[in-house]
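For reference, the structure discussed in these notes is given below.
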């Protein structure tokens, strides 16, 4: 299954990791230049 994850924060990257390791084709889109820029 193709899955789009919006946001590369802690939750987005974790979700993408587990979905990809389960065999899904995952694309992550982030509005900032680097991941986890809005993480406190």
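Helix 10-21 axis versus longest C-alpha principal axis of the chain: approximately 20°, rounded to the nearest ten.
Based on the convex hull around the alpha carbon atoms, the chain presents an average projected area of 2.6 nm². With R₀ set to 35 Å, the beta-carbon distance separating residue 31 from residue 1 gives a calculated FRET efficiency near 0.90.
Here, each number is a calculation from the coordinates, and none is a lab measurement. Since we're looking at a predicted model, the values are computed, not measured. Here Cβ is always computed from backbone atoms with ideal geometry, including for glycine, and neighbour counts include all displayed protein chains.
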